[in-house]
Amino acid sequence: MGNLEWWKTATVYQIYPKSFKDSNGDGIGDLPGITSRISYLKELGIDMVWLSPIYESPNVDNGYDISDYESIHPDYGTMADFDDLLAELHSNQIKVMMDLVVNHTSDEHHWFREACKAKDNPYRDYYIWRKGTNGQPPTDWSASFGGSSWTYDRTTDEYYLHQFSKSQPDLNWENPKLRQEIYQMMRFWLEKGVDGFRMDVINQISKKEVLGSYQEFELGQGWYKALKPDQASVHVWLNEMNREVLSHYDVVTVGETPKVTLEEALKYSNPLRSELHMVFQFEHMRLDRVKGKSKWDIAELPLVELKENLSKWQKALAGKGWNSLYWNNHDQPRIVSRFGNDEPKWRTLSAKLLAHTLYMMQGTTFLFQGEEIGLPNAYFDDIFDYNDIESVNYYQLKKQEGIPDQQIIRSLQAQSRDNGRTPVPWNNSHNFGFTTGKPWLPFSKHSDLPTAEDNVKDLESVYHYYRKLIRLRKEQAILSEGTYTLQLPENNQIFAFSRKYNEEEWFTYTNWSEETITIPMQPERRQRVIGNYGEAFYTNSREEELTLRPYEAITFRK
Ligand code: TEU
Ligand code: CA
């Protein structure tokens with residue numbers, strides 16, 4: 001491999017600590033639980049662990065509402081437990097990425113408690129306050145989890161902004177004092193030896209361009225444009241963050257940038273701009289919904305559109321920025337149920353096909369806990385099984401609209417964030433070995449639940465397929481440096497593309513259907529690299545043809 005930065009051939013494994021492994025029987029995953037599973041991660045071959053928030057929080061949004069950035073929530077353990085985990089991971093050559101949630105804090109953060117006391121409190125403009133008009137909120141912006149983006153504070157007769165729940169007041173990045181507080185907190189974790197940050201909704205931290213300053217707002221010069229992400233100031237502040245903090249450490253950064261466009265993504269990940277290494281974009285995560293509607297209005301995935309979209313990002317960022325590659329995270333449904341086929345007969349093949357498709361592309365791969373064993377959606381049919389604030393609010397809203405329960409549940413089963421948050425099934429013992437207590441969230445109710453133990457034992461499992469793909473990405477420069485060309489663009493069952501690097505050329509064919517399909521194929525493309533039907537490599541009827549079995553994924557090299 002050339003002198004490519006290590007993170008370009010790396011796989012980052014996301015852990016949602018609450019659901020990963022419980023060590024003390026309270027039904028909640030914790031840090032010692034993660035430490036007990038490091039050999040499992042080491043065997044998989046991952047390079048870095050991204051920990052979803054483990055900080056002090058009232059858990060209105062399961063830790064994405066932080067009340068103390070420099071303390072560990074007691075449910076997860078102590079700072080000593082964190083230091084042990086960090087040391088153990090590092091001694092196993094696994095780096096650690098923390099979740100940086102600085103678009104907002106919890107309303108229980110002492111900054112916000114102070115800010116609510118009076119308009120002249122020193123912490124007042126750590127947050128964003130505006131007067132209402134005629135008893136109405138300052139603007140008509142709606143919040144991500146329902147309702148208005150503004151909540152009235154009687155004590156000071158003003159509204160405060162929150163793009164998410166009212167328990168998550170937005171921080172005012174206009175305020176240089178606030179920014180310095182954030183940078184100091186980042187140094188606290190960097191000095192402990194963490195190796196990177198995933199930055200929560202980082203493209204939403206600027207409101208200046210859409211709201212105006214307090215004074216301008218008061219004078220009626222506020223712009224109250226639609227609250228759009230990716231405002232110009234975001235780039236200014238990320239550049240400042242890079243200059244003041246990140247550039248002084250050997251760290252990897254990924255920005256979570258909902259609704260980011262390709263041109264904006266190029267700005268964030270352009271190395272010449274000293275902002276971030278890469279971003280999570282969401283265009284492929286919005287294809288299975290009715291156009292122009294919300295995620296709850298489900299539609300069949302148009303494979304041709306998925307092929308076009310992923311290919312667009314492969315071509316556009318090549319040489320100019322860098323892609324993150326993911327199918328899952330703690331906000332998304334499980335990919336084998338969403339874009340694949342989780343029927344017992346096909347689940348393993350389909351999960352491997354999805355892995356194969358993404359891991360033959362260029363970018364840094366992000367693997368979400370459970371994805372490596374083909375874990376399916378939750379299939380909760382009782383609203384009382386759901387925990388996520390977004391899902392519960394959605395249910396209540398639709399219930400008020402008189403929508404029948406089974407219709408609401410159908411949307412939740414497809415798109416609820418709880419789909420990605422069911423506990424990891426480790427083995428076939430009581431509670432799948434996740435906890436000796438009552439799990440905080442039920443296990444997936446899918447009939448064919450895989451376990452990590454069975455996966456590790458079976459060399460043809462999804463786990464070992466990911467292990468082979470992860471290793472291939474480290475060993476083969478064509479995957480991190482080769483050019484990308486989509487093949488068979490119009491075909492709505494086969495996703496095929498090629499990679500070229502110097503004289504080498506690889507051809508990937510994936511059959512996303514239950515049918516056996518035969519396509520033309522140049523005879524010279526015969527040397528097999530990897531395939532999800534194992535060694536039962538298909539002997540073709542004729543030289544210039546390729547027959548793909550249901551959910552077959554295969555890559556040849558020329
Ligand atoms: O998510 C940002 C975000 O836009 C989410 O609302 C997500 O895209 C959406 O729920 C998908 O339906 C980040 C965190 O990943 C999420 O867990 C938090 O709830 C949110 O920010 C607020 O911190
Ligand atoms: Ca626990």
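Summarising the amide proton neighbourhood of Leu100: residues at separation of 5 or more, or on other chains, whose placed amide H is nearer than 5 Å comprise Arg198, Met199, Asp200.
For the pair region 98-146 / region 337-398, the C-alpha centres are spaced 34 Å from each other. Full extension of the chain between Gln400 and Glu544 gives 45.8 nm of extra length, using 0.36 nm per residue less the Cα-Cα distance. For region 119-130, putting each phi into the Karplus relation 6.51 cos²θ - 1.76 cosθ + 1.60 with θ = phi - 60° gives couplings of 5, 9, 5, x, 9, 3, 9, 6, 10, 10, 10, 8 Hz, in residue order, rounded to whole numbers and with x for Gly and Pro.
Taking a straight line from the alpha carbon of Lys228, these aspartates and glutamates sit under 12 Å away, with near neighbours fewer than eight places off in the same chain left out: Glu209. One chain, two ends: Lys474 and Glu535. Fully extended at 0.36 nm per residue, the span grows by 19.7 nm beyond their Cα-Cα distance. Within the set of other residues whose C-beta is less than 9 Å from the C-beta of Thr257, count the net charge using Lys and Arg as +1 and Asp and Glu as -1. It works out to a net charge of -2. Angle between the Cα long axis of helix 405-415 and the longest principal axis of the chain, 0 to 90 degrees, nearest 10? It works out to around 70 degrees.
Each semi-axis of the equivalent ellipsoid for region 480-557 is √(5λ) with λ an eigenvalue of the Cα gyration tensor; in descending order they amount to 19, 15, 12 Å.
At a Förster radius of 30 Å, what calculated FRET efficiency corresponds to the Cβ-Cβ distance of Leu272 and Arg187, to the nearest 0.05?
Numbers: r = 25 Å, r/R0 = 0.83.
It comes out at approximately 0.75.
Each Lys or Arg adds one and each Asp or Glu takes one away; over the other residues whose Cβ falls under 13 Å from the Cβ of Pro550, this sums to 0.
Here the label points at Phe384 and Ala318, each 7 Å from Cα along the C-beta direction, are separated by 5.5 nm in the simple model. Each peptide among 401-414, 347-360, 177-190 gets the average number of other Cβ atoms lying within 10 Å of its residues, and from highest to lowest they stand as 347-360, 177-190, 401-414.
Near Asp68, the amide H atoms lying under 5 Å from its own belong to Glu56; only residues 5 or more places off or on other chains count, and H is placed 1.01 Å from N.
Phi angles of region 510-519 translate, via the Karplus equation with coefficients 6.51, -1.76, 1.60 and θ = phi - 60°, into HN-Hα couplings of 10, 9, 8, 10, 8, 9, 8, 10, 10, 10 Hz per residue; Gly and Pro are given as x.
The long axis of helix 347-359 is offset from the longest Cα principal axis of the chain by roughly 80 degrees.
Residues whose amide H comes within less than 5 Å of that of Gln14, counting only those at least five positions distant or on another chain, are Trp50, Leu367, Phe368, Gln369 (H built at 1.01 Å from N in the peptide plane).
Tell me the net charge near Asn121. Cut-off is 10 Å between Cβ atoms, Asn121 excluded, with +1 for each Lys or Arg and -1 for each Asp or Glu. With Lys, Arg at +1 and Asp, Glu at -1, the neighbours total +1. Across region 195-262, counting alpha-carbon atoms alone, Rg and Dmax equal 14.5, 46 Å.
For the chain, which semi-axes, largest first and in whole Å, follow from the square roots of 5 times the eigenvalues of its Cα gyration tensor? Could you put the intermediate results ahead of the total?
Values: eigenvalues 315, 134, 121 Å².
Here the semi-axes work out to 40, 26, 25 Å.
A simple spin-label model places the labels of Ala226 and Glu343 4.0 nm from each other, with each point 7 Å out along Cα-to-Cβ.
A short reminder: the numbers here are calculations on the coordinates, not readings from a lab. Values in this document were obtained by computation on a predicted structure and should not be read as measured data. Here the Cβ is made from the backbone with ideal geometry for all residues, glycine too, and neighbour counts use every protein chain on show.
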